[in-house]
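All remarks here apply to the structure that follows.
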Amino acid sequence: MNLNATLIGQSIAFMFFVWFCMKYVWPPLTKALSDRQQKIADGLAAADKAEKDLAQANDKVAELLKEARAEAQGIIESANKRANQIVDDAKEQARAEGDRLKAAAAAEIEQDANRAREALRTQVASLAIAGAERILGERLDEAANSKLVDDLAAEL
């Protein structure tokens, strides 16, 4: 066998193999590589965009949280004001009720005092008549006695 013919045959086979690979194998491989490269680039871009969106969302959340805290503080302040107002109203109502009860008690005391005065007048008049009967030594009739007691009570 001749070494030169083998070398030429192998060179022709290799050239055919290179041509076949460049024609049918290489384009799908380069397309797959470029597609994969594009996917990676798109994924990195999406990750960067997501990172920026996350930063913006965190800023917005912080702002909303700050607003919510301010609103909650306002609600708490208004609730405290309302509670204080309710307490003040209750105190005022209690004072008014106490004043009303004091006035009613004073009126009742005045009525009791008047009743006691009338009872004392009647008793004083009866005692005066009894003393007068003893002094005079005679008993007055009941009608005159009653009239005398009424007159004395009126004078007192």
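Based solely on its DSSP helices, what 222 nm [θ] is calculated for the chain when runs of n ≥ 4 H residues each add -39,500 (n - 2.57) and the sum is averaged over all residues, nearest 500 deg cm²/dmol?
Numbers: 3 runs with 143 residues, N = 156.
Value at 222 nm, helices only: -34500 deg cm²/dmol.
Going by accessible surface with a 1.4 Å probe and the largest first, 25, 149, 61 read 61, 25, 149.
If we count every other residue with Cβ under 14 angstrom of residue 91's Cβ, Lys/Arg +1 and Asp/Glu -1, where does the sum land? If you can, show how the numbers build up before the last one.
Numbers: positive: 95; negative: 88, 89, 92, 97, 99.
Combined, the nearby Lys, Arg, Asp and Glu give -4.
Any idea what angle helix 26-136 forms with the longest principal axis of the chain, computed on alpha-carbon atoms, 0 to 90 degrees, nearest 10? For helix 26-136, the angle is close to 0 degrees.
Within the straight-line cut-off of under 30 Å between alpha carbons, the lysines reachable from residue 52 are 39, 60, 66, sequence neighbours fewer than 8 places apart in one chain being disregarded.
Using Cα atoms only, what is the angle between the long axis of helix 3-20 and the major principal axis of the chain, expressed in degrees (0 to 90) to the nearest 10? In the chain, helix 3-20 runs at an angle near 30 degrees to the longest axis.
In the chain, the C-alpha radius of gyration followed by the widest Cα-Cα span (Dmax) gives 60.3, 191 angstrom. In whole angstrom, segment 64-130 maps to an equivalent ellipsoid with semi-axes of 64, 4, 4, each derived as √(5λ) from the alpha carbon gyration tensor and ordered largest first. Setting aside same-chain residues fewer than 8 positions from residue 49, which aspartates and glutamates have a Cα under 16 Å from its Cα? Correct list for residue 49: 59.
Peptides 62-68, 122-128 ranked from most to least packed, by the mean per-residue count of other Cβ atoms within 10 Å: 122-128, 62-68. Here residue 102 is the anchor, and the lysines within straight C-alpha reach of less than 30 Å, apart from those fewer than 8 places off in the same chain, are 91.
The values are calculated or read from the model by the stated rules, or taken from the named source; none is laboratory data. Given the structure is predicted, the values throughout are model-derived calculations rather than measurements. Note that each Cβ is placed from the backbone with ideal geometry, even for glycine, and that neighbours are counted across all protein chains shown. Ligands, DNA and RNA are excluded from the accessible area calculation, which covers all protein heavy atoms including side chains. Shrake-Rupley method; radii C 1.70, N 1.55, O 1.52, S 1.80 Å.
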